[in-house]
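The values are calculated or read from the model by the stated rules, or taken from the named source; none is laboratory data. No experiment lies behind these values; they were computed from the predicted model shown. Every residue, glycine among them, receives a Cβ derived from its backbone with ideal geometry; neighbour counts consider all protein chains shown.
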Amino acid sequence: MSLKDLISPFYVWQRAFQKPYTQKRPIEERPGAPRYRGFHINLTEECVGCGSCEAICQNHAIDMVKVEGLEPRNGDSGLRPKFDYGRCCWCALCVDICTARSLRLSNHYAWVTEDPDAFHFIAGTDAMPWNQNSLGYRRDDDYHLLTHDRIEMDALSPEESLKGFDEVMKGYTEEQALLEADRCVECGICVATCPAHMSVPDYIKAVRNKDWEGGLKLLYETNPFSTTCGRICTHRCETDCVLGLQGTPIAIRWLKRAIADRVPAERYAEILNDTFTENGKKVAIVGAGPGGMSAAYYLRKQGYGVTVFEAQAHGGGMLRYGVPSYRLPENQLDKDIDYIRSLGVDVRFNTRVGQDVPFSELMDNHDAIFIATGLSSPMKLRIDGEEHPRVVSGLKILDDVAKGQDPGVGKRVAVIGGGNVAMDAARVSRRVGADVTVLYRRRIEDMPADPEEIHESKAEGCHLVPQAIPVKIKDADDPNQVVIVWGEAEMVSDAKGGRPRPVLQEDRMHEETYDTIVSAIGQGGDYDFMGECLGSIEQKWGKFIPGAYQQTGVSKIFVGGDIANSTADAISAVEDGHHAARGIHRFLSEEGLQ
Amino acid sequence: MFEPAAPVDLSSGKYLKLWQGPQHPGITGNMSLELTTCGDEVVACKTHVGYLHRGFEKLMERRTFIQNFTIVCRIAVPEPTFNEYLYAAVVEELSGIKAPERAEWIRTFNLELMRLGSYLMWLGGVGAAFGQSTIYQWTVTHRDYILDLFEEMTGARVYHMYIVPGGVRGRLPEGFEDRARKVLDGVERLLMDVEKILFNNVVFKTRTKGLGVITKDMVDPYGITGPNQRAAGFARDVRRDSPYLMYDEVEWDVITGTASDTYERAWVRLQEMHQGIRIMRQVLDRMPTGGPFQTPLPNVLHWEVPKGETYIKAECTRGEYGYYLVTDGSQYVRRVHVRGPSYTHAIALMEKMAVGTNIADIAGLMVSLHTYPPEIER
C-alpha cells in the first residue's frame with residue numbers, strides 16, 4: 001500500500017470532461033454497417049423460386065409460397081420465399097446459397113409494428129419499410145456454397161474425332177459423375193421443363209449415392225431411351241437449371257448417361273423386373289423410333305400385345321439414320337431398343353405400311369394404333385436449280401453413312417441450314433475428307449442446332465457462314481460440280497417484336513463452286529399411307545394436332561413424335577409415346593377415353 | 001459440494017441460507033450459488049446450473065454441417081468466435097479441407113479481437129463487482145467500438161457467424177485495417193487509464209489481494225486452464241504449446257503471475273490484453289490483402305463428412321476450449337461435445353473457493369474466475 005494507490009484513482013476525473021459516447025436514440029439513428037445482416041430483400045424478378053433458401057434454413061423460417069400474379073413457367077416455379085421473423089436468426093445462409101443471387105439482406109435492423117402478422121412476409125413482394133435499402137449483406141464474389149462450374153467431360157480432340165466415327169464424348173468417370181451430381185440443389189425446376197418430366201433430382205441423387213441400379217429404375221419410369229437420351233437429348237432441362245444462373249448448368253444429360261453406361265445390358269431385365277400378364281388386346285405401332293418404341297414399352301408393361309411396323313431394316317428411326325455414330329454409337333441405341341424388344345414387342349422390320357402391309361389391315365386387326373413415323377422427307381429449298389444432281393439432302397448423307405456407304409460428296413461441300421441435321425451432315429462430310437462451308441440465313445446464335453454441335457463443328461474445321469441466303473443453283477463448267485449463288489443478309493428487327501428477320505442484300509452476292517451442295521433446312525412428314533383416315537385428323541403446317549393423350553379424330557388412332565409436336569426431338573417423342581400409351585390404356589380399359 | 005468441517009445445523013439459528021442468482025448476478029450469467037453463511041462468512045457453497053440449458057450438442061445432431069455453424073456461436077455469448085473457429089476446425093479436419101492462408105490470418109485477427117472484447121467486458125465486470133462501476137462504463141464503451149469492427153467485418157455485432165468451415169465468409173471491408181488500428185490505439189490508452197484507477201487503487205488492492213487463491217496443486221486436479229492457471233505460475237497456453245492458425249508466425253509472450261489471487265488474475269488478464277493488441281497489430285501488418293479466403297466446399301445442401309472423430313482445442317479468453325466431433329459419414333453430426341473452461345472453473349472450483357470468504361466478495365470471486373454458464377450447459 002502506498003500513497004500512490006490512494007491518489008491514483010482520482011485520475012478518473014480526467015475523463016469526466018470528455019464527450020459522452022452514448023447515442024441519443026431515437027433522435028439520432030445509427031445505420032447498420034454496409035455489410036449488416038438486417039432484414040430480407042428479394043429481387044422478385046430475378047428469383048426463380050428454386051427453394052434452396054428454404055432447404056438450407058436451419059430454423060425453418062422460410063416457406064416457398066405461391067405469389068399472386070406470378071405464374072409458374074419453365075425455369076421459374078412461381079414460388080417465392082416467405083419469411084417468418086419469429087424463427088429467423090439472420091444467419092444469411094439463405095443469401096449465401098441463393099442460386100439467382102436475388103436474395104440479400106438490408107442494413108435495416110430496427111422495426112416496430114403493432115401488427116403481429118406483419119412479421120410473416122414475402123420478401124420483395126410485400127411492402128416493407130426497407131425494400132428500397134441499398135446496403136446490407138450480400139454474398140461476397142469470392143465466397144461460394146455451391147460449385148458453379150461444370151465438371152467437363154473428356155472428349156476426343158478434333159483431330160482424333162475427324163479420323164473416324166468413334167464416339168466423341170467419352171462419358172464421365174465415376175469420380176467426375178459424383179462431383180457433377182454433387183452440384184445439384186434438388187430444386188426440381190428441370191422436372192417441369194423436361195418434356196418427359198423425368199425425375200431428374202432423384203436420379204442425380206442416385207448418382208451421388210452410386211446407386212446405378214436404382215438410378216436406372218428411375219430413368220425407366222419415364223424414359224426407356226435413357227442410354228440414347230443420355231447422349232443426344234436436347235436437354236432443355238439444362239437451359240432452366242438454376243445452377244446456370246451464376247455458372248454452368250448441371251450436366252443433367254451426361255449424368256443420365258453415367259447411370260445407363262454403368263449398367264450392362266444383360267442386367268436390365270433383372271433390375272427393371274418388368275413383369276406383366278397379357279391382357280389380350282392388340283396395339284399396332286407405326287415407326288420404331290423413340291416415340292413408337294416408348295409407346296411399345298409402356299403398353300407392353302401393361303400386358304398389351306404390341307406389333308411395331310418399321311420401314312427400315314433397324315429400329316431407332318431418326319436416331320439411327322439421322323444421328324451420326326460419333327454422337328450416338330449404334331450399339332448404344334441397340335441397348336435401349338433390344339431391351340424393349342426383349343419384353344416381347346414384335347417389331348417387323350422392312351415393312352412399310354401402305355406398301356408392304358395395308359393400313360386397313362392395321363385398323364381391322366388391332367384395338368388401337370399409334371403412329372409415330374417421324375419427318376423423313378427433306379424440305380425443298382424453293383430456289384432455281386434445286387433439282388441439280390449435285391444437290392443432295394442432309395438426311396440422305398446421314399442415311400448413307402449410317403448404312404456404311406460412301407456419301408460421295410467430293411472435296412468441297414456447302415451445307416445449307418443451321419439445325420442439327422445440317423451440323424451432322426457437315427461433320428460427316430469433314431470425316432470423309434471434304435472442306436465444308438455451312439451457309440445459314442440468320443446469325444450463329446439463332447441456329448436451332450445444339451450449342452455443342454455448333455462448337456464441335458467449328459472445332460472440326462467446318463466453316464460457318466451466317467447471314468447467307470441461297471438464291472440460285474446452276475451448272476458449273478465441270479459436270480461433277482455445281483455453282484451456288486448466295487447473298488449476304490442484314491438482320492432487320494421485327495416490328496411486331498418477333499425475332500429479327502434476314503433481308504437479302506442484292507449488292508452483296510457471291511458465286512461459289514462446290515462438288516456437292518447439301519440441303520438441310522428441315523424435314524416434313526409423309527402421311528399418304530393413312531388413306532381416307534387422314535381427312536378426320538386435324539393438321540397444321542404439315543403436322544398433326546392431337547387431342548388429349550395424343551388421341552386423334554379417329555378414336556383408335558393416336559399420334560406422336562416429330563409428326564405431332566413442334567419440338568421434334570427424341571425426348572418429346574419419348575413423352576408422346578408414353579403419353580399415348582396412357583391414353584390407349586384408358587381408351588381400351590373401363591375408365592377410358594371415348 | 002464442499003463440506004464444511006463441522007456439520008451445518010440450520011435450526012441452530014447460527015447459519016443462514018443465501019442464494020446468489022439464478023437471476024443474472026452481473027456478467028457471470030444465469031447460474032446460482034447456494035451459500036450457507038455464518039455471520040458474513042460463507043461456510044458452504046453449492047452451485048446450481050441449468051437455467052440456460054438449450055441443448056446445443058443435441059440440436060447439432062439434427063442439423064447439417066453448414067447449418068451448425070450458425071448456432072455454435074450461441075454457446076458462449078460474449079465470445080462466439082472461438083466456437084465458430086473450433087467448429088470450423090473440427091469439420092475441416094474430418095472432411096480433409098484446409099482453409100486458405102488469408103482466411104487463417106483473418107481468423108487469427110478475429111479471435112484476438114474477440115479476446116480483447118471479451119476481456120474488456122470482464123474488466124468492467126471485475127471493476128463493478130468491487131464497487132468501481134465507472135470502469136465498466138469505460139470498458140464496455142470500448143468493447144462497443146470492437147463490436148463496431150465486428151459489425152463491419154461480419155455483418156453482426158454479437159453473433160458474427162463469420163468463420164465458416166473452409167474459410168471466412170467475406171473479405172475485410174475497404175479501409176478496415178486503419179479503423180481497426182484506431183480502435184486498438186484507443187483500447188491501449190484505456191488500459192493505461194484503467195491501470196491507474198483500478199490496479200493502483202487502494203480499495204481494489206485491499207479487497208482482491210489474497211482473495212480466492214488457487215494453489216499450484218489445485219490447478220491440474222481441478223482442470224484449471226487459461227489465465228486462472230497462468231496467474232498461478234504455469235506458463236501454459238494452447239496458442240504456444242500447440243500452435244494453430246498464425247500464432248507461431250507472430251511475436252507475443254505468455255504472461256504468468258505468482259500470487260494466484262483475484263488481483264493477480266486480473267493483472268495477468270490486463271497484460272494479456274496488451275499482448276493481444278501486439279498480436280493484432282502484427283496480423284494487420286502481415287495479413288495478405290489478396291487471394292482466396294475460402295476453400296470450396298462440397299455442395300452444402302447434402303454435405304457428407306467422412307466417418308471419423310477428432311478433438312481440437314484453442315486458447316479462448318478463459319482457458320482451453322475444445323470441440324470433440326464424431327461423424328458417421330452421414331450429413332449429420334453423430335456426436336459433438338463442447339469443452340468449455342467454465343464447467344470446471346464455475347462448479348467444482350467455485351464450490352471450494354467460496355468457503356471461508358466474505359459474502360460481499362462472492363460476486364467478485366466469481367467474476368475473477370471468468371465463467372459463462374451457457375457454456376456449462378451447452
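Picking from A:G51, A:G75, which residue would you name as being in contact (Cβ under 8 Å) with a residue 24 or more places away in the chain, farther than 23 Å from B:C73 by Cβ, within 14 Å of another protein chain (Cβ to nearest Cβ) and of a type in the set (G, A, S)? Talk me through it step by step, then tell me what you get.
Values: A:G75 fails: within 14 Å of another protein chain (Cβ to nearest Cβ).
Only one candidate passes the filter, namely A:G51.
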Problem - Every pair of residues 6+ apart whose Cβ atoms lie under 9 Å, when the first sits in the range B:286-298 and is more than 10 Å from chain A (Cβ to nearest Cβ) while the second is exposed (fewer than 13 other Cβ atoms within 10 Å of the Cβ) - result: B:T295/B:K98
Fill in the blank from the handout: Reported set for the range A:134-176 where residues are crowded, with 17+ Cβ neighbours inside 10 Å and within 14 Å of chain B (Cβ to nearest Cβ) is A:L135, A:G136, A:Y137, A:R138, A:R139, A:Y143, A:H144, A:L145, A:L146, A:T147, A:R150, A:I151
Problem - Selection count where residues are touching a residue at least 60 places away in the same chain (Cβ under 8 Å) and in a helix (DSSP H, G or I), scope the range A:273-316 - result: 10
Exercise for the section: Could you list, in sequence order, all residues of the range A:540-577 that are farther than 19 Å from A:I232 by Cα and in a helix (DSSP H, G or I)? Expected result: A:A548, A:Y549, A:Q550, A:I563
Handout entry: Residues (surrounded by fewer than 18 Cβ atoms within 10 Å (Cβ to Cβ) and either part of a strand (DSSP E or B) or modelled with pLDDT of 90 or more (or both)) located in the range A:505-528
Key = A:Q505, A:E506, A:D507, A:R508, A:M509, A:H510, A:E511, A:E512, A:T513, A:G524
Exercise for the section: Considering (1) closer than 21 Å to A:K335 by Cα; (2) surrounded by 21 or more Cβ atoms within 10 Å (Cβ to Cβ); (3) within 11 Å of the chain's Cα centre (by Cα), say which one A:F225 fails and leave the rest. Expected result: (3)
Practice task
List the number of the failed condition for B:V72; all other conditions in (1) within 14 Å of chain A (Cβ to nearest Cβ); (2) modelled with pLDDT of 95 or more; (3) buried (at least 24 other Cβ atoms within 10 Å of the Cβ) hold.
Solution key: (2)
Exercise for the section: Return yes or no: is B:D178 touching a Phe, Trp or Tyr at 6+ places or on another chain (Cβ under 8 Å), assigned to a helix (DSSP H, G or I), under 28 Å from B:Q271 (Cβ atoms) and among the acidic types (D, E)? Expected result: no
Handout entry: Selected residue (criterion: surrounded by the most Cβ atoms within 10 Å (Cβ to Cβ)) from residues of the range B:39-69 that are under 20 Å from the mean Cα position of the chain (by Cα) and hydrophobic (A, V, I, L, M, F, W, C)
Key = B:F69
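Can you spot a residue in the range B:44-55 that is within 14 Å of chain A (Cβ to nearest Cβ) and touching a residue at least 60 places away in the same chain (Cβ under 8 Å)? Working first, answer last.
Here is the first cut: in the range B:44-55, the ones within 14 Å of chain A (Cβ to nearest Cβ) are B:54.
With the extra rule that they be touching a residue at least 60 places away in the same chain (Cβ under 8 Å), the set shrinks to B:54.
Within the range B:44-55, one or more residues are within 14 Å of chain A (Cβ to nearest Cβ) and touching a residue at least 60 places away in the same chain (Cβ under 8 Å).
Results for (1) in contact (Cβ under 8 Å) with a residue 60 or more places away in the chain; (2) more than 14 Å from A:T516 (Cβ to Cβ); (3) buried (at least 17 other Cβ atoms within 10 Å of the Cβ), shown as yes or no for each residue.
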{"site": "A:M423", "(1), (2), (3)": "no, yes, yes"}
{"site": "A:V436", "(1), (2), (3)": "no, no, yes"}
{"site": "A:R442", "(1), (2), (3)": "yes, yes, yes"}
{"site": "A:M447", "(1), (2), (3)": "no, yes, yes"}
{"site": "A:D450", "(1), (2), (3)": "yes, yes, yes"}
{"site": "A:P479", "(1), (2), (3)": "no, no, no"}
{"site": "A:I484", "(1), (2), (3)": "yes, no, yes"}
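Filter the range B:271-298 down to the residues that are in contact with a strand residue (DSSP E or B) (Cβ under 8 Å, 6 or more places away or on another chain) and crowded, with 18+ Cβ neighbours inside 10 Å and list them by number.
Step one: of the range B:271-298, the residues in contact with a strand residue (DSSP E or B) (Cβ under 8 Å, 6 or more places away or on another chain) are B:292-295.
Across the range B:271-298, the qualifying residues are B:F293, B:Q294.
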Practice task
With the checklist (1) over 29 Å from the mean Cα position of the chain (by Cα); (2) among the aliphatic types (A, V, I, L, M); (3) surrounded by 24 or more Cβ atoms within 10 Å (Cβ to Cβ) in hand, flag the one item A:I383 doesn't pass.
Solution key: (3)
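Conditions tested, residue by residue: (1) free of Cβ contacts under 8 Å to residues at least 60 places away in the same chain; (2) farther than 30 Å from B:G210 by Cβ; (3) outside any helix (DSSP H, G or I).
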position	(1), (2), (3)
A:L6	yes, no, no
A:F10	yes, no, no
A:I41	no, yes, yes
A:N59	yes, yes, yes
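Do we find that B:A103 is at negative phi, within 23 Å of the chain's Cα centre (by Cα) and of a type in the set (G, A, S) in this structure? Break it down into steps so the answer makes sense when it comes.
Values: at negative phi: yes; within 23 Å of the chain's Cα centre (by Cα): yes; of a type in the set (G, A, S): yes.
In short, yes.
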Exercise for the section: Kindly list, by first and then second residue, each pair from a residue in the range B:333-345 that is free of Cβ contacts under 8 Å to residues at least 24 places away in the same chain to a residue that is not aromatic (F, W, Y), limited to pairs with Cβ atoms under 6 Å and residues at least 6 apart or on different chains. Expected result: none
Practice task
For A:C237, indicate whether it is more than 30 Å from A:R431 (Cα to Cα), away from chain B (no Cβ under 14 Å) and either crowded, with 19+ Cβ neighbours inside 10 Å or out of contact with any helix residue (DSSP H, G or I) (no Cβ under 9 Å at 6 or more places or on another chain) (or both).
Solution key: yes
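Taking the stated definitions as given, is B:T134 buried (at least 22 other Cβ atoms within 10 Å of the Cβ) and either assigned to a helix (DSSP H, G or I) or within 11 Å of another protein chain (Cβ to nearest Cβ) (or both)? Full working, then the answer.
On the way: buried (at least 22 other Cβ atoms within 10 Å of the Cβ): no; either assigned to a helix (DSSP H, G or I) or within 11 Å of another protein chain (Cβ to nearest Cβ) (or both): yes.
Spelling it out, it is not the case that B:T134 is buried (at least 22 other Cβ atoms within 10 Å of the Cβ) and either assigned to a helix (DSSP H, G or I) or within 11 Å of another protein chain (Cβ to nearest Cβ) (or both).
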Exercise for the section: Output the qualifying pairs, or none if there are none: Cβ atoms under 9 angstrom, residues six or more apart or on different chains, first residue in the range B:190-204 and more than 7 Å from every other protein chain (Cβ to nearest Cβ), second residue assigned to a helix (DSSP H, G or I) and of a type in the set (K, R). Expected result: B:F199/B:K205
Practice task
Could you please let me know if A:I97 is within 14 Å of another protein chain (Cβ to nearest Cβ) and touching a Phe, Trp or Tyr at 6+ places or on another chain (Cβ under 9 Å)?
Solution key: no
Fill in the blank from the handout: With the first residue restricted to the range B:142-156 and required to be more than 8 Å from chain A (Cβ to nearest Cβ), and the second required to be basic (K, R) and in a helix (DSSP H, G or I), Cβ contacts under 7 Å at 6 or more apart or on different chains are B:L149/B:R179
Problem - Yes/no for A:S360 being closer than 22 Å to A:F276 by Cα, loosely packed, with under 15 Cβ neighbours inside 10 Å and polar (S, T, N, Q) - result: no
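Out of all the residues in the range B:299-316, is one or more within 21 Å of the chain's Cα centre (by Cα) and buried (at least 24 other Cβ atoms within 10 Å of the Cβ)? I'd like the intermediate steps shown before the answer.
Here is the first cut: in the range B:299-316, the residues within 21 Å of the chain's Cα centre (by Cα) are B:311-316.
Still in the running and buried (at least 24 other Cβ atoms within 10 Å of the Cβ): B:315-316.
Yes, some residue in the range B:299-316 is within 21 Å of the chain's Cα centre (by Cα) and buried (at least 24 other Cβ atoms within 10 Å of the Cβ).
Going by the structure shown, is A:R25 within 44 Å of the chain's Cα centre (by Cα) and either assigned to a loop (DSSP other than H, G, I, E, B) or buried (at least 23 other Cβ atoms within 10 Å of the Cβ) (or both)? Step through it out loud before you land on a result.
On the way: within 44 Å of the chain's Cα centre (by Cα): no; either assigned to a loop (DSSP other than H, G, I, E, B) or buried (at least 23 other Cβ atoms within 10 Å of the Cβ) (or both): yes.
The answer is no for A:R25.
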